[in-house]
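Single-structure report; data block below.
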Amino acid sequence: MEIERKFLIKHLPDNLSSYPFHQIEQGYLCTAPVVRIRRQDEEYYLTYKSKGLMVREEYNLPLTKESYAHLLPKIDGILISKKRYLIPIESGLTIELDIFEGKLAPLILAEVEFDTEEQAKAFTPPEWFREDVTYSMDYHNSVLSQQTPK
């Protein structure tokens, strides 16, 4: 189960370079239901996500580099590329700050994952967060992958 909230941001944190990050690329084999392939650094995954906004079922299966390369030409839409910074905050939570590259730049989104819906609803975002876009389909990566960049 994935329970997360998603936000646009006002500005990047001053000390962003001090946090660890992952280089991610991902593409969608299907968007209804969501079936995604992802390379995160040198790890590869196939992911299924159910319908939903703040709460969704999510299943990750490991892929080999060769399997990922075989599936890559089969994606529908653009290949998303982003740098994901991991920023720890109170209560053991982590902000996943995605800075999109390539065709989706200069989009920046922050996601926070929670253990319970109650914890998600009670979350007070940091001052550098802007609009809560959790309930907007427009900011799901699967939807973003289908957009024609301006």
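The values are calculated or read from the model by the stated rules, or taken from the named source; none is laboratory data. The structure displayed is predicted, hence computed values, not measured ones. Ideal geometry is used to build each Cβ from the backbone, glycine not excepted, and the neighbour counts take in all protein chains shown. SASA here: full protein model, heavy atoms, side chains in, ligands and nucleic acids out. Shrake-Rupley method; radii C 1.70, N 1.55, O 1.52, S 1.80 Å.
How large is ³J(HN,Hα) for each residue in region 10-25, as worked out from phi by the Karplus curve 6.51 cos²θ - 1.76 cosθ + 1.60 (θ = phi - 60°), to whole Hz, x for Gly and Pro?
Those phi angles translate into 7, 7, 6, x, 4, 9, 3, 5, 7, 9, x, 8, 10, 9, 10, 10 Hz.
Calculate what fraction, in whole %, of the accessible area of the chain sits on carbon and sulfur atoms when a 1.4 Å probe is rolled over the protein chains. Please report the intermediate quantities before stating the final value.
Working: 4460 of 8270 Å².
Carbon and sulfur together cover 54 percent of it.
With the cut-off at 1.5 for a/c, could you classify region 59-106 from its C-alpha gyration tensor as rounded, prolate or oblate?
Cα axes put region 59-106 in the oblate bin.
Show me the GluC sites (Glu not before Pro) within region 16-93 that DSSP assigns to loop and that have at most 11 other Cβ atoms within 10 Å of their Cβ.
Those satisfying the criteria are Glu42.
Which ³J(HN,Hα) values in Hz, rounded to whole numbers, follow from the phi angles of region 42-59 under the Karplus curve 6.51 cos²θ - 1.76 cosθ + 1.60, where θ = phi - 60° and Gly and Pro get x?
Working through the residues one at a time gives 10, 10, 10, 9, 10, 10, 10, 10, 7, 5, x, 10, 7, 10, 8, 6, 9, 10 Hz.
Mean residue ellipticity at 222 nm from the helices of the chain, using -39,500 (n - 2.57) per DSSP H segment of n ≥ 4 over the full residue count, to the nearest 500 deg cm²/dmol? Intermediate results must be reported in sequence, preceding the final value.
Details: 3 runs with 17 residues, N = 150.
The helix contribution divided over the chain gives -2500 deg cm²/dmol.
For a bin width of 5 Å, list the pair-distance distribution of the chain built from all Cα-Cα distances, rounded to whole %.
2, 9, 17, 22, 23, 16, 8, 3, 0
First measure r as the distance between the Cβ atoms of Tyr45 and Leu8, then evaluate 1/(1 + (r/R0)^6) with R0 = 41 Å and state the FRET efficiency to the nearest 0.05.
Efficiency for this residue pair is about 0.95.
Please give me, ordered by residue number, the trypsin sites (Lys or Arg not before Pro) of region 22-75 that lie in loop per DSSP and have at most 10 other Cβ atoms within 10 Å.
Numbers: sites: Arg36, Arg38, Arg39, Lys49, Lys51, Arg56, Lys65, Lys74; in loops: Lys51.
Loop-located and lightly packed - Lys51.
Projecting each Cα onto the charge dipole of region 44-118 (Lys/Arg +1, Asp/Glu -1 at the beta carbon, about the Cα centre), which of Thr94, Ala110, Tyr68 comes out farthest on the positive side?
The listed residue farthest towards the positive side: Tyr68.
Which loop-located chymotrypsin sites (Phe, Trp or Tyr not before Pro) does region 86-146 contain, where loop means any DSSP state but H, G, I, E or B and the Cβ has at most 12 other Cβ atoms within 10 Å?
Answer by residue number: Tyr135.
Find the eigenvalues of the gyration tensor of the Cα atoms of region 1-56, then list the square roots of 5 times those eigenvalues as equivalent ellipsoid semi-axes, largest first, in whole angstrom.
Those come to 25, 18, 9 Å.
Can you give the extra length, in nm with one decimal, that the chain gains between Val143 and Thr124 once fully stretched, where that is 0.36 nm per residue apart less the Cα-Cα distance?
4.2 nm
How much area per residue is accessible in the chain when the probe is 1.4 Å and only protein heavy atoms are counted (Å²)?
55 Å²
Please state the charge dipole magnitude for the chain, taken about the Cα centre, from unit charges on C-beta atoms (+1 on K and R, -1 on D and E), reported in debye and rounded to the nearest 20.
Result for the chain is approximately 620 debye, rounded to the nearest 20.
Where the only charges are on Cβ atoms (+1 Lys, Arg; -1 Asp, Glu), what is the dipole of region 1-86 about its Cα centre, to the nearest 20 debye?
Result for region 1-86 is approximately 300 debye, rounded to the nearest 20.
Would you kindly derive the ³J(HN,Hα) couplings of region 131-144 from the backbone phi angles with the Karplus curve 6.51 cos²θ - 1.76 cosθ + 1.60 (θ = phi - 60°), listing them in order in whole Hz, with x for Gly and Pro?
So the J values, rounded to whole Hz, are 5, 7, 10, 3, 9, 10, 4, 4, 9, 6, 4, 5, 6, 4.
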